[in-house]
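**Student:** So that we are looking at the same thing, I have put the structure below in structure tokens.
No lab work stands behind these numbers, since they all come straight from the coordinates. No experiment lies behind these values; they were computed from the predicted model shown. Cβ atoms come from the backbone with ideal geometry, glycine included; neighbour counts cover every protein chain shown.
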Amino acid sequence: MRSVFMLISLMICLGLAFVPTPSTSAHSPRGIRLEPIGTYAAGAFNQGAAEIVAHDPRTQRLFTVNGATSKIDVLSINDPSSPTLEFSIDVTPWGRQANSVAVHERVVAAAVEANIKTDNGRVVFFDTAGHFLSSVEVGALPDMLTFTPDGKTVVVANEAEPNTSYTVDPEGSVSIIDVGRHGERVTQADVRTARFNSFNDDTLDPSIRIYGPGATVAQDLEPEYIAVSHDSDTAWVTLQENNAIGVLDIRRGRFTRLFGLGFKNHLQPGNALDASDRDGPGNTPRINIANWPVFGMYEPDAIYSFRDRGQTYLITANEGDLREYDAFLEERRVSTLNLDPTAFPNAVALKTNAQIGRLTVSSASGNPDGDADFDALFVPGTRSFSIWRPSGSQVFDSGDQLEQITAGAFPTFFNSNNDSNNSFDTRSDNKGPEPEGLTVTELFGRTYAFIGLERIGGIVVYDISDPQHPRFIQYLNNRNFAGDPVGGTAGDLGPEGLIVISANDSPIHKPLLVVANELSGTTTIYKITRAHGDDDD
């Protein structure tokens, strides 16, 4: 227990658990406004029918990953108010389904997982008319890929999850594919794979979680998402379950560093959370955003890099994720745990539904001495987005703003789930609104972040032109809480992939935001204008 308190004290001293108080003003004279103008519905509910989306400005096509059909749907947005399906690309000749798609000039790259997910997957290249060009083998479970800004390289995060029995656990990696040497005809000789084996015997940052049954560091690290520097030399890779980021030297093809993200102290002012779905009278749900003695594990999904005054910053959507396998189930409720009486003198009260008894925590963290009780409680995700320096120091965290914003906007639908419209407060005990996807762009002389909330839904917009003091601009949720999710009348559910199309690349010469919504299978296009009616570029 003493070691846990020492670690927590050290983190607070280093600022790892500190959250600056952000401004919530939405009245910037240079703000922007989102307006939904068109939606394409794939017609499949809760089957991943619209996960990740990419845009080709030359043909004005969107390429959307459709997990329900194991295809990539290709949509025409010549009229963005009425996107239409032109054709689909079947990826089953190369594996089970595509997990990600990216476009550069005339080349489409798709990350395709193997039929057995622990086997090596492939990256498959097509032209924008859907014709096959080439394919190469990469690591196990390629999950996300992107072209570098110079277009010469594709980098792909190979998540390498274990099988359900945890008897096969491949090593996580990132594959680096040189698409500039042979143009469209990429060969296996153009592929290098960066691994984590060199860290197997290292002493790692204590906030990096290595905990899979019998796993080495290389096996346990699971790359999730990639951000690339403006000069195409460096990539930052989120290692979600591990609460860490890996730094990749693209040119040399190797990881140079791992840094842990620390933990967020939910007892600190501005770091509150709604920790129960049954904390009202008679175990009823209610909004109760309060401080509790738990620590948030950032565990980001999406990451993006951006520049401000010559400095590079990273922004993360801190979704959180716990491992759930037949042979290893990490998720527990606080009420089921024995709590150390010194660390938690009020344990009896804490374990009630009215406090944090319902809260989902990790059973793999918080008990470093391995005795019969937990000395600290760690929850998945931090219900926030964060901005970091490339060194790993935190510049900003949104604290409890996302829950406060959604509670104010939808008080009767707060912390709803994404598969049911009668689900008020049901996510309060587990990751809340769950920020998952994000993108960043420069518009009208300012830098904006768009963050998708997986559970209640919707897009939160912040002006991050000053990375240390982001300003809340808008929250827009294109969901119909009176509709039927299964019947397809509930609007957008489960936003996952987000991209911004610049005015120069837009079919209407106005910037657009495109969002792929995994649960509803809808791809929705938003027009972006100045908040005060001046939508000139």
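**Student:** How would you rank 167-177, 71-81, 439-449, highest first, on the average number of other Cβ atoms within 10 Å across their residues?
**Tutor:** Those peptides, ordered most packed to least, come out 167-177, 71-81, 439-449.
**Student:** Right, something else. Could you check the spin-label model distance between Thr84 and Thr256? Points 7 Å from the Cα along Cα→Cβ, value in nm.
**Tutor:** 5.0
**Student:** A follow-up question, please. Under 1.5 on a/c is rounded, so check that first for segment 393-494, then, if it is not, pick prolate when a/b is larger than b/c and oblate when it is not; a ≥ b ≥ c are the square roots of the alpha carbon gyration tensor eigenvalues.
**Tutor:** Prolate shape, in that a/c is at least 1.5 and a/b is the bigger ratio.
**Student:** So between Asn504 and Val486, what do we pick up on full extension, going 0.36 nm a residue minus the alpha carbon distance?
**Tutor:** 2.7 nm is the gain from fully extending Asn504 to Val486.
**Student:** Report ³J(HN,Hα) in whole Hz for each residue of segment 391-407, in order, from the Karplus equation J = 6.51 cos²θ - 1.76 cosθ + 1.60 where θ = phi - 60°; Gly and Pro get x.
**Tutor:** 6, x, 6, 7, 9, 7, 9, 7, x, 9, 4, 5, 5, 5, 5, 5, 5
**Student:** Right, here's the next one. Charges only on Cβ, +1 for Lys and Arg, -1 for Asp and Glu: so what's the dipole of segment 434-523 about the Cα centre, in debye to the nearest 20?
**Tutor:** Here segment 434-523 has a charge dipole of around 280 debye.
**Student:** Let me ask something else. Would you please classify the overall shape of segment 35-129 from the alpha carbon gyration tensor, given that a ≥ b ≥ c denote the square roots of the eigenvalues, rounded means a/c under 1.5, and beyond that prolate means a/b larger than b/c while oblate covers the rest?
**Tutor:** oblate
**Student:** Follow-up question, since we're still on this one. Mind jotting down the distance between the C-alpha centroids of segment 471-520 and segment 341-382, whole Å?
**Tutor:** A separation of 37 Å, based on Cα centres.
**Student:** What are the ³J(HN,Hα) couplings of segment 104-115, residue after residue, when phi is run through the Karplus curve with 6.51, -1.76, 1.60 and θ = phi - 60°? Round to Hz, x for glycine and proline.
**Tutor:** Once rounded to whole Hz, the list reads 9, 6, 9, 10, 10, 10, 10, 8, 10, 7, 6, 4.
**Student:** For labels at Ala327 and Asp371 in the simple 7 Å Cα→Cβ model, what's the distance in nm?
**Tutor:** In this crude label model, Ala327 to Asp371 measures out at 3.2 nm.
**Student:** From the square roots a ≥ b ≥ c of the eigenvalues of the alpha-carbon gyration tensor of segment 440-537, which class results: rounded (a/c under 1.5), prolate (a/b over b/c), or oblate?
**Tutor:** It comes out prolate by the Cα gyration axes.
**Student:** So, one more: Among Ser70, His104, Ala140, whose Cα sits farthest toward the positive end of the charge dipole of segment 59-142 (+1 at Cβ of Lys/Arg, -1 at Cβ of Asp/Glu, about the Cα centre)?
**Tutor:** Ala140
**Student:** Also, I was wondering about something else. Calculate the length of the line joining the C-alpha centroid of segment 143-207 to that of segment 82-132, in whole Å.
**Tutor:** Centre-to-centre distance over Cα atoms comes out at 17 Å.
**Student:** Of Ser391, Asn367, Val440, whose Cα points farthest to the positive end of the dipole of segment 356-443 (charges on the beta-carbon: +1 Lys, Arg; -1 Asp, Glu; origin at the Cα centre)?
**Tutor:** Of Ser391, Asn367, Val440, it is Val440.
**Student:** Right, something else. For segment 302-329 and segment 431-465, what is the separation of their Cα centres, given in Å?
**Tutor:** Here the answer is 13 Å between Cα centres.
**Student:** Also, quick follow-up: Between Thr312 and Asp201, what is the label-point separation in nm under the 7 Å Cα-to-beta-carbon projection?
**Tutor:** Placing both labels 7 Å beyond Cα along the Cβ direction yields 3.0 nm.
**Student:** Return the tail of the calculated pair distribution for the chain, meaning the percent of Cα-Cα pairs more than 44 Å apart.
**Tutor:** Value for the chain: 11 percent of Cα pairs lie more than 44 Å apart.
**Student:** While we're here: Calculate one ³J(HN,Hα) per residue across segment 191-207 by plugging θ = phi - 60° into the Karplus curve 6.51 cos²θ - 1.76 cosθ + 1.60, and present them in order as whole Hz with x for glycine and proline.
**Tutor:** Listing the rounded values in order: 10, 10, 10, 8, 10, 10, 4, 5, 9, 4, 10, 7, 8, 8, 3, x, 8 Hz.
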